[in-house]
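Trainee: Before I ask anything, here is the structure I am working with.
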Amino acid sequence: CLPGRAQDFKCNPNGGQHELNACAMRDFKIADRKLNARYKQLMTSLPAAEQSALRLEQRAWLKQRDPSCQEEVKDSEGGSIWPLDYFNYLAKATIKRTNELHNWAAKS
């Protein structure tokens, strides 16, 4: 279940809170698709030993991402702005990780 029922609304940057929440959720989904594409691309370009290292690193990152985001936005929890805060933070963390994957390839 998605927080704040953001999935029930369409994104409208000039709309009300629920529509802004939907925009944040959309932005996170876009960032997540880009991360997944970059991860898959990187995995296919690496030798087996480096694939294993990247897989372990990615799993560790994923395991901490959501709890870290929840901690960052705990002050707005329970409010109508919480989904906006949460999905914005998820998107930022995901974009940062995608950039790290670009750098990961460069250091390999």
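Trainee: Cβ-Cβ below 6 Å, separation at least six or inter-chain, first residue in segment 63-89 and within 19 Å of residue 30 (Cα to Cα) and in contact (Cβ under 8 Å) with a residue 12 or more places away in the chain, second among the acidic types (Asp, Glu) and open to solvent by 90 Å² or more (accessible area, probe 1.4 Å): which pairs?
Mentor: Here the result reads 89/72, each pair linking segment 63-89 to a residue that is among the acidic types (Asp, Glu) and open to solvent by 90 Å² or more (accessible area, probe 1.4 Å).
Trainee: Within segment 64-86, how many residues are within 25 Å of residue 42 (Cβ to Cβ) and open to solvent by less than 20 Å² (accessible area, probe 1.4 Å)?
Mentor: 1
Trainee: Just for segment 3-50: of the residues that are open to solvent by 60 Å² or more (accessible area, probe 1.4 Å) and assigned to a loop (DSSP other than H, G, I, E, B), which one is modelled with the lowest pLDDT?
Mentor: 9
Trainee: While we're on this one: When residues of segment 87-99 are filtered for being among the charged types (D, E, K, R) and exposed (fewer than 15 other Cβ atoms within 10 Å of the Cβ), how many remain?
Mentor: 1
Trainee: Checking the conditions here, which among 44, 98 is polar (S, T, N, Q) and under 10 Å from the mean Cα position of the chain (by Cα)?
Mentor: 98
Trainee: OK, next. Can you pull out every residue in segment 7-37 that is of a type in the set (Phe, Trp, Tyr) and under 19 Å from residue 89 (Cα atoms)?
Mentor: If the condition is that a residue be of a type in the set (Phe, Trp, Tyr) and under 19 Å from residue 89 (Cα atoms), then 28 is the only one that fits.
The values are calculated or read from the model by the stated rules, or taken from the named source; none is laboratory data. The model shown is predicted, which means the values in this text are computed figures rather than measured ones. Glycine gets a Cβ as well: all are built from the backbone with ideal geometry, and neighbour counts include every protein chain shown. To get the accessible areas, we keep the full protein, side chains included, count just its heavy atoms, and leave off ligands, DNA and RNA. Shrake-Rupley method; radii C 1.70, N 1.55, O 1.52, S 1.80 Å.
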